[in-house]
1. Restricting everything to alpha-carbon atoms, can you work out Rg to Rh for the stretch A:111-206 with a Kirkwood hydrodynamic radius?
2. Quick one: the Cα spread of chain B along its three principal axes, in angstroms, biggest first?
3. Zone of A:Thr15 (label point 7 Å along Cα→Cβ, backbone N under 11 Å): which residues in the stretch A:269-295?
4. Cβ neighbours within 10 Å, averaged per peptide: list A:115-126, B:257-268 in order, most packed at the top.
5. For the stretch A:1-53 and the stretch B:162-187, write down the distance between their C-alpha centroids in whole Å.
6. Show me, for the stretch A:158-166, the HN-Hα J-couplings you get by feeding each phi into the Karplus relation (A = 6.51, B = -1.76, C = 1.60, θ = phi - 60°), rounded to Hz, glycine and proline as x.
7. Residues of the stretch B:156-180 with the amide nitrogen closer than 17 Å to a label point 7 Å from the Cα of B:Glu355, along Cα-to-Cβ, please.
8. Could you give the dipole magnitude of the stretch B:187-279 about its Cα centre, charging the beta-carbon of Lys and Arg +1 and that of Asp and Glu -1, in debye to the nearest 20?
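Values in this text are rule-based calculations from the coordinates and carry no lab data. All of these numbers come straight from a predicted model, not from anything done at the bench. Neighbour counts run over all protein chains shown; Cβ positions are idealised from the backbone, glycine included.
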Amino acid sequence: MIGFLLRRLAAGALTLLALLTLSFFLIRAAPGGPFDAERPLEPELRARLEAQYRLDQPLWRQYLAFLADLARGELGPSLQYREYRVAELIREGWPVSLRLGSAALLLAVAAGLGLGVLAAWRRDRLLDRLLMALATLLQALPVFVSAPLLVLLFALTLGWLPAGGYGGGALRHLVLPVTALALPHLAIVARLTRTAMVETLAAEFVRAARARGLSETRILLVHALRPALVPVVAYLGPAAAAVLTGSVVVEQTFGLPGVGRYFVQGALNRDYTLVMGVVLLVGALVILLSLLADLLAAWLDPRIRLR
Amino acid sequence: MSIWDAPEPGADPRRPAAAALLGALCALLAGCGADTPPAGEPRVAQATAVAAPDRGRLVRSLALDPESLDPHRAESLQAGHVLRELFEGLVAEDAEGRPIPGAALAWSHDPEWRLWRFELRPEARWSDGRPLTAADWVASFRRALDPATGSRSARLLEPIRHAAAVRRGEAPPEALGVVAEGPLRLRIELEHPLPGLPALLALPIAFPVRLSAASAAPLGNGPFVLAERVPGSHLRLIPNPHFHAAAEVAIGELVYLPIEQASAGLARYRAGELDWLDELPATAAAALPPELAPELVVLPVLGTYYFGLNTTRPPLADPRVRLALALALDRDAIASLLGVPGRAAVTLVPPGVPEHRPQPPPWTGEPLAARQRRAQALLAAAGYGPGRPLRFELRHNTGEDHRRIAIAAAASWSRALPVEVRLHHEEFRSFLATRRRRETEMFRAGWVADLPDPLDFLALFRSGDPRNDCGFADPEFDALLARAEGEADPRRRAEWLAHAERRLLEAAPVIPVYHYVSRRLIRPWVRGWRPNPLDRHPSRWLRIEGRPAAAR
């Protein structure tokens, strides 16, 4: 177990390094630079500015300097938001994304599991068909469609909730973005749960449990659910990383100060340091949460061996 | 300046609903975090001021989160809006954009317009209460031009003596022609006559800057101070009690919300969360719900959308070809497409520049068909015909309006002329790099004036100017600009510039398409704003009057 953890962490560190290296060179290979604007600088001034940020050095040197900074935990100044360091931007924005994301994740898991179990229990009947049709619809609906629809309905037509803004994290400001963020994942969790449950319900040990006269509820929620959770957990590892690091669409639609928009803005502005910051954040989260998902799956299903 | 597309609006919550879904959500949300804001420490610049609660709260949108609140480093139009709230130059602008005394009470100049003296207000203060003296101004101008500051906008200050050399690091900052003649008197010496200096000194690049150890953004001297800044969320400003005209500021709390997505801005305006929505896209303005239509304000902007033509390589290196394309473009169709009939542009310098007489080319009055016949003749003379069509690429940055304009332009050329246009769009920064390296033949461009001065537009085409992506190089045009710059008589200066524009449009390295307009939504209770040439509306001149209680 300890050996497994160490091996996985070492492999994770290598993966992260490869990811950072690739991103480092890719963003610099994109045409245009952080100091390009419709109002350009004279070449000599531009050269001076690039020297300030070490952008005048050969790429391999910049890369080594980046690694050296990273080893010291230093991500550097943002090239676009000139009064901020990358670490500051992430420190201010990530708690917002984290709060939204964890609420959305909880909602997706709780409601998704519930609906999935319900559909499996009523498999091939009307309720099952309805629920699965709804899940397919929600899964197919992109957030840039569902989020404005939620605003139109709950903010503009009914006037129950604000159309945007973070409001210091007040509950009524979170309801719509959390819902928009959760819906597609909720649908996927419901479908995965249903499929796995239906499969488990046909297994030998379930028939044995029935033969022993256990109640249907007990079979459903105790014996069948646990192994059926394995595919859900496997899905949730990487999905959680994506949800917890914010969504550019949700943040822009609702005007939330999370880190999701830095993915897009960082790349568009050629804000090299900010891009590396968010790549590091997401990469590390994906690796850690996948590991967590594997551990959880092994705990749920003793037949899975950690190697 | 770059033209960015705008954001959308939002809603005002009334009562939380009791629907089952919402109830379930509330339970979930409550379970995963306290109700305290976790967004990190807001940046507090200085909070010496206390907002007077009976003065109104004004919420305005920004189409872009300001990249910086340092006047010497910020570049975007949107950062400029916020900087005008936080700072004041020697000269300020009234609601109609006319220069009025700012931090300086009065000024005078020699007959040559080259030596200026500014009398500073004795009561002028930084927002922390410390007096703002002539020495502070000298230090600020030096900082703006210091190459280490790396300011793009500092080019605008180059009329000041030795500014260009200081900016390039060829002269020490002390050489700059800005001198303190005592604590309350400032002397500014210029390289050449400039009657328009006051307008220049009202720009953010000429704002005073004092760095503060307590915050990343510099200290200001304007009508408002920054109380809170959360990137991507909001900027909250409160009145500056040390501002010399603090008693006239009628807004008690000023909130700027950066909303980059146009549809989100419109939703938030509709929901009552915004009093003022800037940069409404043409398509959204055309499809406004009827109740919002009276709140739409469309104003002319001193700016021009144009196509730049690469004069350094065939086929557009041939002036006959360029003129043919300028003649045959159906600008009225494009202006109608954008919902701005009447703003079709035949000149680079937009109408409305004081002292400037627009210089429409001689063919302006001719019907389109006649112009297109002349264009055919020009192309035939250049060797193009049905058997050998003119082929070139028109490149634009990605964007719905840019695409529609490019398609309409290509259609109007290929319908009338033996022309094949390849349209190509590209993400903004890649596009700028392509343009700068002159790797395309024709490109979309736009310019919004910093100053109400034809030179602000014409200088873009001076040979060797880093903004001259057309590669246009005409010694006579350069000479005309130089003469205008050396001219002390404002009327004669305007004539030289008019002459230069005629010359430019004949050579046609640029095909003007339309003159910009601004589109915004303003609540009826926001009063005090006036149309002005540069379309700037600082909140110092605004007040809230007659806002219904339900909208508070």
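1. Values: Rg = 16.6 Å, Rh = 14.8 Å.
My calculation puts Rg/Rh at 1.12.
2. Largest first, chain B extends 74, 71, 38 Å along its Cα principal axes.
3. Residues A:283-294 qualify, since their backbone N sits under 11 Å from the label point.
4. On the way: A:115-126: 17.7, B:257-268: 26.6.
By packing density, highest mean first, the sequence is B:257-268, A:115-126.
5. Each part reduced to its Cα centre gives a spacing of 39 Å.
6. 8, x, 7, 10, x, 7, x, x, 8
7. Correct set: B:157-160.
8. Numbers: 6 positive and 10 negative charges, 46 e Å.
That gives the stretch B:187-279 a dipole magnitude of about 220 debye.
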